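Peer 1: Sharing a structure below in structure tokens format, with a few things to ask.
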Amino acid sequence: TWGSSRVENGRYSGTSFSYPAFEKMRNQNTVFSSMFGFANYGRASITADGEPSLAQAQMVSGGAFEVLGARPSLGRTISASDDLAGAAPVAMLGHGYWQRQFGGDPAIVGRSISVNGKPVAVIGVAAANFIGITPGSSDEMWMPLSQMTLIAPERVGNGEAYKQNDFWWVLMMARLKPGIASAQAQANVDTIFKQGAMDGISPKETPTVPSVLLDPGGQGIDRLRRDLDKPLSIMMAVVFLVALIACANVANLLLARAAVRQKEIAVRLSLGTNRARLVRQLLTESALLAGLGTAFGCVLAFFGSKLLLSMMGRTGAVDLSPDLRVLGFTTVAAIVTTLLFGLAPALRATSIEPFATLRENTAGALGGRTLRLARVLVVGQVALSLVLLAGASLFARTLHNLRQVDPGFNASGILLFGVNAAQAGLKGPELMDLYERIRTRIESTPGVKSATMTPYPLLSSSSSSYSVTVPGYTPQPKERMNPRVLQVGQRFFETMELPLKLGRPLDARDVDTAPKVAIANLAFAQKYLGDAPVGRTISFSPETPGVEIVGVAANAKYDRLRGDIQPTLYLPMAQSLRSLGTTHFEVRTTGEPLSLVPEMRKAVAAIHPGLPLFNVKSQADQIDELLLSERLFATLTTFFGGLALALVCVGLYGIISYGVTMRTTEIGVRMAIGARSNDILSMVLRETGGLVSKGVLLGAPIALAAGSFASKFIEGLLYGVESTDAASLVAATVVMALIGSLAGVLPARRAAVIAPMSALRAE
């Protein structure tokens, strides 16, 4: 399948259909006004005016743009006549690709370009705001489905092979007729699909007839949304907690300010000022704070969204720039925040008895009530901040644990890049010979120790598996013997510095005409082969010859760092010519890998001019990409945890400073009767520590309860640590206690140097 697939609740679901199934549902349905099919091709090699480049290509049936309602900015779209067998090859270009590669030249329409070595006429350019059907994957070129055999014979074969019923590769979208319910449409196309879905397919391959399920398609294929749904939900919860802490902080500051102004307010009330007018004035001040914060937040969001996309590696594919909807939401949020967290201090400040307040000193009744309420808010901030810090600790430790995983090979000093000479029409022995000549040329480059090749790099989330039979091994009931399989070039184990425990490596003798051989990893050998694995024979099917195990390699991670080492077989690439296509080279260098990129381009061009390189990176960068979500989570949760901690410190500093001001006379009396500066310093620090301790005692059980409640939700995001991990909570508690207590140092020092006589005269 070329679409996405997943297993949920024991049910397998996919998005791909065969071409005959697509044609039947498009021609026989009675519920859709229009329908089109499409398939993601991937990177296509483009040559125009002698300049090679790569473009992300999508294959679509005729009329697809009309179904989507997407008009071109230049030329025309792909029509039904373009999608007929034997039609002249045509293509539409994406607006961004047209700008980058052709400088926005409108004369591109009507010109011929080379796509995978085949001449193709450009018929139009898509609109600037149309990036494709799959959010997060910006398409740069579209071609008719029927031309798949022209540009990708290595995938679908020649002739009419792409129309076979057992080759499922087409995805579909359709527009409902007015008044047709989704359930009615699903029943209609499901009936059509089942009538011939299994024609020519062995019951052993698909024992049950699948059913059609319709999903809303208004926002495109939801793969990116499904991938980001859980992480974004967690981040929304984190942002909400930070916003709650910030609001409590603002309320604290407004309470303190209102308490300081109580005599001013009492004078104005005694002179006849209306209480509602005073409330409006105080709310206006709150609104000014909210407005300034909103404006700053929008600016921060504009630049922060770009930073977030760059961290995700999706720059240009998703637009996160603030728009009118974001502005409207933040405006409403600012108004609500102003009313909720500004109204209470305003009402409290104006609820005083004017004459009684004027007779009191600064430490009057209102000040005491304000101080108690402010302390409650600070304790709440500390508790929420502890929850965030504990969560940040979980994700930081997850990233640390994954970085400490031994991949089983030496990942440093390796340069990776991919090429696809199959797009130029080469296949089989001819293609293998070209790749081997490129590998040999690379090894002759100064700064290169050795080079090898694989269909995809290790630790790139890609993998293959085959069903095997091992003579002498009896499978357990319902056991599936599907080991991982990786085709490798010569000097693979030497280049990757993956040790061989037994036997010999794969080398030049292991060609297509030679006896079939393989190297097993320790996990495969220990599970299936026993004490003498070298020389044993396995088979992939009764029709194929046996494969001799000629060596045993150390265990190494294959597609990901998480999980246990799986049984794995390494096969010679030269004996797997049928699956040969895109190839990635791994180059062991003597210095910085990326410094050799220009030399690698020259080496490839010397063997096959115009063959572009893609996915150029170091193996270390490849591992960093594999840990993208973990790095993103650790970075963002640490940032928000630190932000919450800073807000708590500001709140603590404010409330302790206000308390010191309120108790100036008391401090003066204490010092007048013999208290030393160190005594006053200790008194204020104990008060700060008491607030922090209360917040920690409140936040610790909340953090444990939140971890227990969310354990199933976040278990797939953690590694080597439980959601209720005690060490993470202890670390968060220590950080909270140390940093929080430091917030009281400055107010304590200020209180310790108060002159007794000045304090006694203070109001």
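The values are calculated or read from the model by the stated rules, or taken from the named source; none is laboratory data. Predicted, not measured: the structure shown is a model, and the values here were computed from it. When we count neighbours, we look across all protein chains shown, and the Cβ atoms used for this are built from the backbone with ideal geometry, even at glycine. Accessible surface areas use protein heavy atoms only, side chains included; no ligands, DNA or RNA. Shrake-Rupley method; radii C 1.70, N 1.55, O 1.52, S 1.80 Å.
Peer 1: Averaging over all projection directions, find the projected area of the Cα convex hull of region 568-681 and quote it in nm² with one decimal place.
Peer 2: 16.0 nm²
Peer 1: Quick check: net charge around His608, other residues with Cβ under 13 Å of its Cβ, Lys/Arg +1 and Asp/Glu -1?
Peer 2: Neighbour charge sum, excluding His608 itself: +2.
Peer 1: Going by amide H atoms built from the backbone, whose H comes under 5 Å of the H on Gly503, apart from near neighbours?
Peer 2: Amide H neighbours of Gly503, under 5 Å, 5+ apart: Val552.
Peer 1: Then there is this: What value in Å³ per residue do you get for the convex hull of the alpha-carbon atoms in region 646-723?
Peer 2: 120 Å³
Peer 1: Still on this model: Quick one: if you take sqrt(5λ) for each eigenvalue of the C-alpha gyration tensor of region 46-176, what semi-axes come out, biggest first, whole angstrom?
Peer 2: 22, 18, 13
Peer 1: What residues have an amide H closer than 5 Å to that of Ser73, excluding those fewer than 5 places away on the same chain, when H is modeled at 1.01 Å from N in the peptide plane?
Peer 2: Answer set, sorted by chain and number: Val125, Ala126, Ala127.
Peer 1: Still on this structure: What percent does the relative contact order of region 28-134 come to when contacts are Cα pairs within less than 8 Å and at least six residues apart?
Peer 2: 28 percent
Peer 1: Under 27 Å between C-alpha atoms is the cut-off here; go through region 492-625 and count lysine pairs that meet it, provided they're at least eight residues apart or on different chains.
Peer 2: 8
Peer 1: Still on this structure: Just tell me which lysines come within less than 19 Å, Cα to Cα, of Lys712; anything on the same chain fewer than 8 places away is out.
Peer 2: In chain and number order, the partners are Lys230.
Peer 1: Then there is this: Could you compute the net charge surrounding Trp98? Neighbours are other residues with a C-beta less than 10 Å from the C-beta of Trp98; K and R count +1, D and E count -1.
Peer 2: Around Trp98, the surrounding residues sum to -1.
Peer 1: May I ask for the net charge around Arg403, where only other residues with Cβ less than 12 Å from the Cβ of Arg403 are counted and Lys, Arg are +1 while Asp, Glu are -1?
Peer 2: Net charge around Arg403: -1.
Peer 1: Angle check, please: helix 428-443 long axis (alpha carbons) against the longest principal axis of the chain (alpha carbons), in degrees 0 to 90, nearest 10.
Peer 2: 50 degrees
Peer 1: Still on this model: Antiparallel as a % of all DSSP beta bridges within the chain, to the nearest 5?
Peer 2: Around 75 percent antiparallel, to the nearest 5.
Peer 1: Which peptide among 470-480, 608-618 comes first, and what is the full order, when sorted by highest mean count of other Cβ atoms within 10 Å?
Peer 2: 608-618, 470-480
Peer 1: Right, another one. How much mean residue ellipticity at 222 nm does the chain get from its helices, if each DSSP H run of length 4 or more adds -39500 (n - 2.57) and you divide by all residues, to the nearest 500 deg cm²/dmol?
Peer 2: Rounded to the nearest 500, it is -15500 deg cm²/dmol.
Peer 1: Hey, what angle do you get for helix 628-662 against the long axis of the chain, alpha-carbon based, 0 to 90 degrees rounded to 10?
Peer 2: Tilt of helix 628-662: around 0 degrees.
Peer 1: Could you tell me how far the Cα centroid of region 392-459 sits from the Cα centroid of region 550-629, in Å?
Peer 2: Between the Cα centre of region 550-629 and that of region 392-459, the gap is 1 Å.
Peer 1: Treating the angle as unsigned and between 0 and 90°, give the value, to the nearest 10°, between the Cα long axis of helix 223-260 and the longest Cα principal axis of the chain.
Peer 2: 10 degrees
Peer 1: If R₀ is 25 angstrom, what is the calculated FRET efficiency for the pair Ile565 and Ser412, using the beta carbon separation as r and rounding to 0.05?
Peer 2: 0.75
Peer 1: How high is the relative contact order of the chain? Use alpha-carbon pairs under 8 Å, at least six apart in sequence, and give a whole percent.
Peer 2: 14 percent
Peer 1: Hey, what did region 416-525 get for relative contact order, percent, Cα under 8 Å, at least 6 apart?
Peer 2: 20 percent
Peer 1: Based on the alpha-carbon gyration tensor of region 408-453, what equivalent-ellipsoid semi-axes (square roots of 5 times the eigenvalues) come out, in whole Å, largest first?
Peer 2: Value: 23, 13, 9 Å, ordered largest first.
Peer 1: Taking amide hydrogens as modeled 1.01 Å from N in the peptide plane, which residues meet the under 5 Å criterion relative to Val90, leaving out close sequence neighbours?
Peer 2: Ala121
Peer 1: Okay, next question. Starting from a Cα-only point model with no solvent, please compute log10 I(q)/I(0) by Debye for the chain at q = 0.09, 0.11 1/Å.
Peer 2: For the chain, the Cα-only Debye profile gives -1.00, -1.28.
Peer 1: Could you report the chain's accessible area per residue, 1.4 Å probe, as an integer in Å²?
Peer 2: Using a 1.4 Å probe on heavy atoms only, each residue of the chain averages 48 Å².
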